[in-house]
Amino acid sequence: MTYTIPVELTSSPKPKPAHHNQAFGTVFTDHMFILDYDAEQGWHDPRIVPYQPIQLDPAAKVFHYGQTVFEGLKAYLTEDRRILMFRPNKNIERLNLSNRRLSIPDLDEELVLEALKQIVLVDRDWIPSEPGTSLYIRPFVIATEPVLGVAPSLQYKFMIILSVVGSYYAEGINPVGIYVEPKYVRAVVGGVGNAKTAGNYAAGLKAQDEATAKGYSQVLWLDGVHRKYIEEVGSMNVFFKLGDTVVTPALNGSILDGVTRSSVIQLLQHWGIPVEERAISIDEIIEAHRSGTLVEAFGTGTAAVISPIGSLEWQDEKLVIGQGVTGELSSRVYDAITGIQRGILEDPFGWVIEL
Ligand code: COI
């Protein structure tokens, strides 16, 4: 099926940023995509309009019960000015998984893909091309029905906004210090940890604040039941190189199925590097550090791509990993993924689509 998405172009285009060292997610493009839902018409009225504030009733359910989900993906401009998007279908699939978990009606995946392509094409002049920069695409759904009863909303908006971004962390691809969180948990199995919903991020802010006050960049989340098994790092998935093997926590229901996570696993397998998805306890990591087999650790996410971990603090012990510098594997994975994303390296996996 082909979709026609009407476009209303802005009459007052904004100036584009002269550099890309602004904070992540602060510069937005000229247009946005909107799609409405109500119980009678289902999802309807797709359109691209000038970027603008939206008006919502103060009783809209998203404000009270957090019925909302989002995604994050990126588009890139190659040296020969082609526009590439990285694995949009994975994000669209996960968007519907998140929707189902939050009792939000499924979106038509073909329409979402078409909307992603069209909005990026409309704002194509905003896509930066310097290394380390991209157009960050933020699709999201909010419950808009103005009713305070606790029940799934009968009205929603699906929107896509675009932001010109450089590095997610001020550190860039330099190692960050991590605090292993002893008190707070991010999610539990049976909860919403594997859905990309706002509450997971709101619930992580307090621990992040406390870690920042102690001088750390991020927290390492342990599981909510045993307070022992590693789940995620900040808002990223996490990998450890133990000897010659790379390990990452298995998707157990409380961990987000990251697109970069799955790409890293495929890449490692492609290179013949053993990779295991399994439960990893913090004790195993401490022990591996003591015995000298903890070679590297890094976080993976769309925003930062790869974020090397230079140190971990756990129960007043500070573990410096790989002398605190970016490890060989972290750099290799970063170069390979960003190279494929930017169309510099061959893409043997069919991850990249050209608009
Ligand atoms: C990512 O790493 O892509 C994230 O999920 C962070 C995002 C919430 C800014």
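Within the stretch 307-353, the set of residues being part of a strand (DSSP E or B), among the hydrophobic types (A, V, I, L, M, F, W, C) and under 27 Å from R227 (Cβ atoms) comprises I309, L312, W314, L319, V320. The numbered conditions (1) in contact (Cβ under 8 Å) with a residue 60 or more places away in the chain; (2) hydrophobic (A, V, I, L, M, F, W, C); (3) in contact with a Phe, Trp or Tyr (Cβ under 9 Å, 6 or more places away or on another chain); (4) over 13 Å from I34 (Cβ atoms) are all true for A115 except (4). Among the residues of the stretch 66-86, those identified as within 16 Å of the ligand (Cβ to nearest atom) and not aliphatic (A, V, I, L, M) are G66, T68, F70, E71, G72, K74, Y76, F86. When the stretch 276-295 is limited to residues that are of a type outside the set (K, R) and over 25 Å from G224 (Cα atoms), the one that is surrounded by the most Cβ atoms within 10 Å (Cβ to Cβ) turns out to be V295.
Filtering the stretch 299-317 to residues that are away from the ligand (no atom under 16 Å from the Cβ) and touching a Pro at 6+ places or on another chain (Cβ under 9 Å) leaves G310, S311, W314, Q315.
Scanning the stretch 162-180 for residues that are at pLDDT 95 or above and either part of a loop (DSSP other than H, G, I, E, B) or within 13 Å of the ligand (Cβ to nearest atom) (or both) turns up just one, S163. Residue under question is L56, and the condition is that it be surrounded by fewer than 16 Cβ atoms within 10 Å (Cβ to Cβ) and aliphatic (A, V, I, L, M); does it hold? Considered against the rule, which asks whether it is surrounded by fewer than 16 Cβ atoms within 10 Å (Cβ to Cβ) and aliphatic (A, V, I, L, M), L56 comes out as yes.
Please determine whether any residue of the stretch 287-298 is within 15 Å of the ligand (Cβ to nearest atom), in the same structural domain as Q323 (by the TED database), in a strand (DSSP E or B) and touching a residue at least 60 places away in the same chain (Cβ under 8 Å).
Restricting attention to the stretch 287-298, the residues satisfying the condition of being within 15 Å of the ligand (Cβ to nearest atom) are 298.
Filter again for in the same structural domain as Q323 (by the TED database), leaving 298.
Checking the rest, the ones that are also in a strand (DSSP E or B) come to 298.
This time we only want the ones that are touching a residue at least 60 places away in the same chain (Cβ under 8 Å), so: 298.
Looking for residues that are within 15 Å of the ligand (Cβ to nearest atom), in the same structural domain as Q323 (by the TED database), in a strand (DSSP E or B) and touching a residue at least 60 places away in the same chain (Cβ under 8 Å), one finds at least one in the stretch 287-298, hence yes.
Counted as qualifying within the stretch 198-258 are the strands (runs of 3 or more DSSP E) with 3 or more residues that are away from the ligand (no atom under 16 Å from the Cβ), more than 21 Å from K318 (Cβ to Cβ) and out of contact with any His (no Cβ under 7 Å at 6 or more places or on another chain), namely 245-249.
The values are calculated or read from the model by the stated rules, or taken from the named source; none is laboratory data. Computed from a predicted structure; not experimentally measured. FYI the Cβ positions are ideal-geometry reconstructions off the backbone, even for glycines, and counts take in every protein chain you see.
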